[in-house]
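Beneath this line is the structure, given in structure tokens, with notes to follow.
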Amino acid sequence: MTQESVKKIRISRVPGGKAAGGRYLVFDIEDVISIRRNNGICAVLTGTMPQNPTQNLFLGLPVELRVEEVRLLVDSGAAYVAEELAEHLDALNKPNHEAYIDSLREKRVSAQKAFDEEKNRVRAMHADKMKDKRKKDTSASIAQPAGEGGDDSLFGGDAVPAPHTKKEEETKPLPAITPATSAQLVGVSAGVDVPIPPALPFYRHLNSKGYYTTPGLRFGGDYSVYPGDPFRYHAHYLANAYGWNEKIPMLDVVTSGRLGTAVKKSFLFGAEQPASTPEEDGRVRMFCVEWAGM
Amino acid sequence: MAPTQHMDALVRIVLNNLEYQHDWTQINTHTQRDLPRKLIYGLPPKRLYVHPDEQVEIIKAEKERKDRIPQEAEYEWVLPLHLSEKWSPAQFAAVFDAIKALPPVDIEDDEDGDAPWRAWRGPKRGKRILLATVQDDSTVTYYWIHDGLVKPRQN
């Protein structure tokens, strides 16, 4: 097993949100890919652009997870939850951050390298083009008067421009970077406990059967449930999780069933049946409602 | 009115609605000790539910036979409910656990019993109940409720 595959996903808990515990965010793109690919969790992109914070059509990192998704990942051992604010304060209050500052410098140097490489590539491309053009020009202008040849010297004909001098490179400051994560500062932590949400058994059951879920508000439920990755499938169900003895108004069942049918979905609701003995696990029962067409 | 009278009135509304508005036949009520309330079963004039996978199998079979397969109606369970009621998942589970997939009627087996397109018929079908929700103005609306994850029909 490589070092990469045993690396646990870091879920950042930050204050805020409607739940008491706060919000759960993932900042590392590798982690986001991993939970989608390996755990069947899409989560929701929540990051917007600092320069245009009101646009919400195209959102980016971080992604926000529901508590049940967090709990699922933590229980499976794939992730840990870090108390982000406390850990950052802790790390910043330590006397020296040499390692962190070094890591930042390293990143800036490698960013500079990447820029330089790109610049040289573009330059070389232009040089090739110029050469081609010049060849064509000269072959076409053989019969031309000699005076025309002056163009070449005027526009720096011998394409490749002189490279920067050594001195120039040294004095130029390294580019500024915005790191996507502060992993270098805080490192890996032991992880904190996450509350068990009431919907966890329901959600875990769906996830274990390979269903993907997204927030279901647009169809009036807790979840939209997809039979595979939402990039490939339409949702099959709009779903609500209830308690085993929670009373559901029939009007809710009827309206959800009706709305679901209108968008070619069925209304799925379910609950965990408590186990008869403490040793056993509960069993999740699910029911699907759709309009009968009569 | 006593609670039983309320219940009888509710069942009566649904019975009448099934018989006179939806032309059901052979309608009966079904009482069972472990059932939370009286159920109704009967035979609709035409087939009410075709599972999407069954539909695919039927089309395949029809292509092979180069002939339509007649879809005769099936007996269905009906659960009368008032719109103002509140039911818990536990109650729905109790109803499903108490019933068999098919209402208690004699149905003759037919010769195509093992064909793949027959796998959703008769006793092999998944448990399903028609929720007959009655409103105060005696409007009755019908919704399928399936036991377990059943994918939606492509209406």
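What follows draws every value from the coordinates through simple rules; no lab data is involved. What you are looking at is a predicted structure, and each value in this text was computed from that prediction instead of being measured. Because the Cβ atoms are built from the backbone with ideal geometry, glycine has one as well, and the counts that use them run over all protein chains shown.
Counting each pair of different Cα atoms once, what's the Kirkwood radius of the protein assembly as shown in Å, rounded to one decimal? Each step should come with its number before you reach the end.
On the way: mean 1/r = 0.0357 Å⁻¹.
Evaluated over the protein assembly as shown, this radius sits at 28.0 Å.
If exposed means no more than 11 neighbouring beta carbons inside 10 Å and the site is in a DSSP loop, what's the longest run of chain A without any exposed GluC sites (Glu not before Pro)? Longest stretch, sites excluded: A:1-278. Counting DSSP beta bridges with both partners in the stretch B:3-146, what percentage is antiparallel, nearest 5? Percent antiparallel among DSSP bridges in the stretch B:3-146 is about 70.
Within chain A, what is the longest stretch that has no chymotrypsin sites (Phe, Trp or Tyr not before Pro) placed in a DSSP loop and near at most 11 other beta-carbon atoms within 10 Å? In short, A:59-154.
Computed from phi, the 3J(HN,Hα) profile of the stretch A:33-38 under the Karplus parametrisation 6.51, -1.76, 1.60 (θ = phi - 60°) reads 4, 4, 5, 6, 6, 9 Hz, with x in place of Gly and Pro.
Rg and Dmax of the stretch A:198-294, both derived from C-alpha coordinates alone, stand at 13.8, 45 Å.
Round to the nearest 0.05 the FRET efficiency obtained for A:His234 and B:Asp53 when R0 = 25 Å and r is the Cβ-Cβ distance. Let's see the in-between values first.
Details: r = 17 Å, r/R0 = 0.66.
Efficiency, rounded to the nearest 0.05: 0.90.
Taking every Cα-Cα distance in the stretch B:3-146 and sorting them into 5 Å bins starting at zero, the pair-distance distribution P(r) comes out as 2, 8, 18, 21, 18, 14, 9, 6, 3, 1, 0, 0 percent.
If you plug the beta carbon distance of A:Phe58 and A:Ala183 into 1/(1 + (r/R0)^6) with R0 = 25 Å, you get a FRET efficiency near 0.50. Label the stretch A:14-76 by shape, choosing from rounded, prolate and oblate, from the square roots a ≥ b ≥ c of the eigenvalues of the Cα gyration tensor; if a/c is under 1.5 it is rounded, and otherwise prolate applies when a/b is larger than b/c, oblate when it is not. Oblate, because a/c is 1.5 or more while a/b does not exceed b/c. How large is the helix-only mean residue ellipticity at 222 nm for chain A, computed as the sum of -39500 (n - 2.57) over DSSP H runs with n ≥ 4, divided by its residue count, in deg cm²/dmol to the nearest 500? Helices in chain A give a 222 nm mean residue ellipticity of -12000 deg cm²/dmol.
Relative to the first principal axis of the alpha-carbon coordinates of chain A, what is the inclination of helix A:250-262, with its axis defined by its Cα atoms, in degrees from 0 to 90 and to the nearest 10? Its long axis makes an angle of about 40 degrees.
Within chain A, what percent of beta bridges assigned by DSSP are antiparallel, to the nearest 5? Don't skip to the end; give the middle numbers.
Numbers: 24 of 34 bridges.
Beta bridges within chain A, antiparallel portion: roughly 70 percent.
The H on the amide N of A:Ile41, modeled in the peptide plane, is under 5 Å from the matching H of A:Arg36, each at least 5 residues off or on a different chain.
Between 0 and 90 degrees, the angle of helix A:98-140 with respect to the longest Cα principal axis of chain A falls at about 50 degrees.
Please average, across the residues of A:280-292, the number of beta carbons from any other chain that are within 10 Å of each residue's own beta carbon, and give a whole number. Write down the numbers at each step before the final one.
Working: counts 0, 0, 0, 1, 1, 8, 7, 14, 11, 7, 9, 7, 15.
Mean inter-chain Cβ contacts per residue within 10 Å come to 6.
The residue list A:Ser208, A:Leu268, A:His234 was ranked by how far each Cα lies along the charge dipole of the stretch A:198-294 toward its positive end, using unit charges on Cβ atoms, and A:His234 comes out on top. Summing Lys and Arg as +1 and Asp and Glu as -1 over all other residues whose Cβ lies under 12 Å from the Cβ of B:Arg47 gives a net charge of -1. Our helix-only sum for chain B, with -39,500 (n - 2.57) per DSSP H run of n ≥ 4 divided by its residues, gives a mean residue ellipticity at 222 nm of -7500 deg cm²/dmol. Relative to the current alpha-carbon distance between B:Leu35 and B:Glu62, full extension at 0.36 nm per residue lengthens the span by 5.7 nm. Between B:Gly148 and A:Met286, A:Phe287, A:Cys288, the built amide H atoms are under 5 Å apart, and every one of these is 5 or more places off in sequence or on another chain.
Amide H contacts under 5 Å for A:Arg23: A:Val14, A:Gly16, restricted to partners 5 or more places along the chain or on a different chain, H placed in the peptide plane at 1.01 Å from N. Placing pseudo-labels 7 Å out from each Cα toward the beta carbon at A:His88 and A:Ser276 gives an inter-label distance of 5.3 nm.
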